[in-house]
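No lab work stands behind these numbers, since they all come straight from the coordinates. Given the structure is predicted, the values throughout are model-derived calculations rather than measurements. Heads up, the Cβs are rebuilt from the backbone with ideal geometry, glycines too, and the neighbour counts pull from every protein chain shown.
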Amino acid sequence: MEERTGPSPNLVPDPRKREGTADELKHLMARVRSLCEESGEGFSDSLARIAELQERLAEERFHLAVLGQFKRGKSTLLNAILGEPLLPTGVVPLTSIPTFLRAGKMRTVRVLFRDGGESAFPDVTLDEARNILARHVTEKENPRNRLGVECVEVEHPASILSAGVVLIDTPGIGSTLRHNTEATLHFLPQCDAALFIVSADPPITEVEKDFLKAVQDKVAKLCFVMNKVDYLTETEITDAILFFEKVLKELGLKDSGTVFKVSAKTGIDARVKQERALWRKSGLEDLQNYLLEFFSREKSQTLRLALARKALAVVTDVSMSIGIQQRSLQLSRHELEKRIKAFDIKVKEIAQEQIKIGDLLAGDRKRTVQFLEELAEQLRGESRQYLEEIIDAAFKNTGVPAAMEQQARTEFAEQIPPFFQAKLTSFSNEVEQALRRALLPHLERLDALVGTVRSAAAELFDIPYRVSANDTRLERAHKPYWVTQKWNTTVSPVPEEFFDRFLPPAARKRRMQKRLLQEVQTLVAHNVENIRWSTLRNLDETFRNVSTTLDERIRKTAEATREAMHMTNLRQKQVENTTQPELGRLKQKAAVIAKLENALSRYA
């Protein structure tokens, strides 16, 4: 199943250019690293970032993320590509813990924890690997990530991984109210390209459109896959593809090319049964061939593009810090201290803006909670009507009242879980849309305030201000989770049932109906509250995270800028006669940085 068709002409870059530009990029990154090392402790963060990029480039380690909304079939598709049902799949979302799939001679699972710890499980069977993954990355067995897992790495012998490719299973966007979307965006800087999975019905949602707008600047290459086409006719598939491609063009994401049509479920069945015809029918053979050609002919070029963009962001940040130090040395100590005080005043003014945003945020939280409560009340009404219709249907039949009651209870047990699961998805989507509408203005204000801190420093010290790639979008580093719902499907019979047998059939029927209707109130109250409470808890957590990020992002930006000023001020106080030599060194660094920015810009 690993055979390939011939190369696609549009995938073939100039091979003569590839080797030279790879060497050039390595050289540029080495110069950036040397610059950070020479510049001292204030550049440790930039040094760590560039060192990680160098390691990726040296290993030719290409990160391909599989992205998509909850229940689009990402894990199933990855399982089909791997050739076995390794990754957990199911009807509820996983936690926000990414799973990295790397090449290896045997299955090995490594669980990396936030506290720096690690658990390794070498040479495991498929069942053992599945159980290990389930224990660590699923909400059912690791609720709210109580184990503190940072990520999971899996070594696997699948041939598609052998070219230095790392496949990454990511959290499903739009699945919970703590914004898996933002968590995935926070993770995307580690990725070089992405497969974006949609399903045939509907072909794309508003949540996915918003996510794609954010993703397009995060990765160097996007490929689109429409899953679950086996549920549609050929005409419906054609209509869905045309609609999807139209949306992509409107978003500025696609001019031409193929949206791959697949059935991941059919694909994993084909791999397990080793049926080549079924594998071809699933559409995954075409996708696999495309990926193999891409890895063979475009992987290195795309990797260099992605890493060069990240390196350019590092250099932009270094450039501003060097510029502040350089300009600071040209000032007298008195003038420098005066400007530091002016910057501190500006930061205090921005802090007042933070307070205003915090007040507005609190108001939007109240309005969003009110919207949630209105949805919950609406859901209570819909649920009561649905369950009462089950009772009416059961008691319309003629027969023994006890059998009618048992039929209604059986229907409750069968229908309540899928009914409330579907309502949970709808409920979550509506509240998430409300959350996005409420939070987007605050996130934009936050980005503007961060930019104000940096531009204020640039203005005070008469240096150019360029927006860093890291400033383009807020990436909130909270960890979403999913509360696995346990739906109540029955209420214990009341003791009054003992007396029902002594009543006439008509009275007995009315009494049973009345009792079931009372039980419906309890069932609705419990299950709707289950949805409402977990949603409210997640909503509160989201608003808290935004508030925390607001403070943390501005504080770190101000501290980094202030540190550059104070380093210069301290140097001036320590050695008065070193100003000119130091200024000369900084001038040389600035010239080097300008050349590095220019060179890296040719990639990005």
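Quote the relative contact order of the range 63-275 in percent (integer), defining contacts as alpha-carbon pairs under 8 Å separated by 6+ residues.
Averaging sequence separation for qualifying contacts and normalising by length gives 28 percent for the range 63-275.
Going by C-beta contacts inside 10 Å, put F121, F244, F62 in order with the fewest on the left. List each step's numbers first, then the result.
On the way: F121 16, F244 20, F62 23.
Result, fewest neighbours first: F121, F244, F62.
Treating cross-link reach as a plain straight distance, find the lysines whose alpha-carbon is under 25 Å from the alpha-carbon of K261, omitting any fewer than eight places away in the same chain.
Excluding near neighbours in sequence, the set is K71, K74, K209, K213, K218, K221, K228, K246, K249, K273, K281, K299.
Between the alpha-carbon centers of the range 213-241 and the range 397-447, tell me the distance in whole angstrom.
Cα centres, the range 213-241 to the range 397-447: 27 Å.
Which FRET efficiency value, to the nearest 0.05, do you get for R61 and F121 by plugging their Cβ-Cβ distance into 1/(1 + (r/R0)^6) with R0 = 25 Å?
0.70
So what are the radius of gyration and Dmax for the Cα set of the range 63-275, in Å?
16.9, 53
Give me the Kirkwood hydrodynamic radius of the range 316-451 in Å, from all C-alpha pairs, to one decimal place?
20.9
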